[in-house]
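Working notes, beginning with the structure itself.
The values are calculated or read from the model by the stated rules, or taken from the named source; none is laboratory data. Computed from a predicted structure; not experimentally measured. Backbone-built Cβ (ideal geometry, glycine too); neighbour counts: all protein chains shown. Accessible surface areas use protein heavy atoms only, side chains included; no ligands, DNA or RNA. Shrake-Rupley method; radii C 1.70, N 1.55, O 1.52, S 1.80 Å.
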Amino acid sequence: MNINILVYKNTSMQNRGCEAMGLELLENNTYESKKDYIYRMIRKNIIDINLKPGEVISENDIANAFETSRTPIREAFTRLANEELIEIYPQKGTFVSLIDIKRAQEAKFMRVNLEKEIVRQACREFPDDILFQLEANINQQEFCVMKENYITIFDLDNEMHELIYRGCKMDRIWSAIRFISGDYDRIRTLRLSSDTDWNAIIDDHKQLIKAIKDKDEERGLKIISDHLTMIDRDVILLKEKYPEYFKQ
């Protein structure tokens with residue numbers, strides 16, 4: 001694949017630097033700038049708990065790993081701070097933020113109320129081509145269960161919900177939800193890594209897609225409401241298992 005010259009490319013030295021920091025590298029998107037790539041990569045590693053809540057994150061270390069100046073790192077850090085995924089303390093350092101239950105509940109409130117309306121609309125009218133993509137997505141989720149790959153299941157889960165928004169021409173609403181969902185998503189990651197009963201989650205997804213396909217609005221609304229509020233039960237168990245990850 002031909003990549004525009006402005007796209008940041010990983011070298012073996014940069015790979016080794018990131019691996020030494022415990023970071024998962026991502027593939028570049030076409031025409032993606034260095035600062036956008038670094039932001040996306042750090043954010044992904046925070047959400048996946050590769051960078052753990054409370055962990056120190058150094059501009060210098062990341063700049064060295066990417067063989068770059070601190071400017072794109074600083075810009076990425078500013079974006080992450082705006083999303084409350086990191087906390088920057090002058091003269092002290094930068095830390096991955098602890099998971100804040102209040103912020104997670106706010107994200108859940110926004111998502112539950114908006115997504116119920118999205119699902120209502122999807123059950124009334126939904127494009128066949130995106131319905132096909134949803135069904136393909138479920139097949140990939142089932143394959144990941146076989147491989148016990150919870151990180152990819154998480155990514156496919158998000159992609160599935162995003163497809164539903166896209167099918168209803170509500171892409172910008174999905175982007176707004178993603179902006180405030182850092183704590184909510186980290187709880188979801190912890191839940192997937194701690195509970196291997198992933199089939200129950202995927203069954204919810206299959207039933208939701210069936211409701212959209214069957215235009216069963218009542219069923220679709222119940223499934224999405226129950227599915228998105230699982231976090232209430234999960235938080236209690238996860239705070240007991242990972243107390244150091246949560247803001248007191």
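Structural remarks
- Solvent-accessible surface ranking, highest first, for ARG186, ARG172 at 1.4 angstrom: ARG172, ARG186
- Structure-derived percent of Cα pairs over 29 Å apart: which label, when the choices are (1) 35; (2) 28; (3) 23: (1)
- Helices in the chain that qualify as membrane-span-like (whole DSSP H runs, Cα extent of at least 27 Å along the helix axis, mean Kyte-Doolittle hydropathy of -1.0 or higher) are 101-124, 128-147.
- For the chain, the share of accessible area belonging to carbon and sulfur comes to 51 percent (1.4 Å probe, ligands and nucleic acids excluded).
- Multiplying the residue separation of ARG172 and THR71 by 0.36 nm and subtracting their alpha-carbon distance yields 33.5 nm.
- Note on the range 67-189: Rg/Rh from Cα positions, Kirkwood definition for Rh, rounded to two decimals, is 1.05.
- Each of PHE77, CYS168, PHE132 was placed along the dipole of the range 39-180 (beta-carbon charges, centred on the mean Cα), and the one lying farthest toward the positive end is PHE77.
- Subset of LYS147/LYS210; LYS34/LYS239; LYS44/LYS215; LYS102/LYS169; LYS44/LYS147 violating a 32 Å alpha-carbon distance limit: LYS34/LYS239; LYS44/LYS215
- The overall shape of the range 114-156 is oblate: from the C-alpha gyration tensor, with semi-axes ordered a ≥ b ≥ c, the ratio a/c is 1.5 or greater and a/b is no larger than b/c.
- Charged-residue dipole, Cβ positions (Lys, Arg, Asp, Glu), the chain about Cα centre, Debye nearest 20: 580 debye
- Gain on full extension, evaluated as 0.36 nm per residue between ASP214 and SER194 minus their Cα-Cα distance, stands at 3.9 nm.
- Each eigenvalue of the Cα gyration tensor of the range 19-111, multiplied by 5 and square-rooted, gives one semi-axis; in descending order these are 22, 16, 13 Å.
- Distant-in-sequence amide H partners of THR94 (H built 1.01 Å from N, under 5 Å): ILE57, TYR89
- Simple label model, 7 Å out from Cα along Cβ direction - SER33 to ASN139, nm: 3.9 nm
- Set of lysines near LYS108 by C-alpha distance (under 16 Å), chain-local residues within fewer than 8 positions excluded: LYS116, LYS222
- Under 5 Å between amide hydrogens, built in the peptide plane, is the criterion, and for ILE99 it picks out PHE246, LYS247 among residues at least 5 positions away or on other chains.
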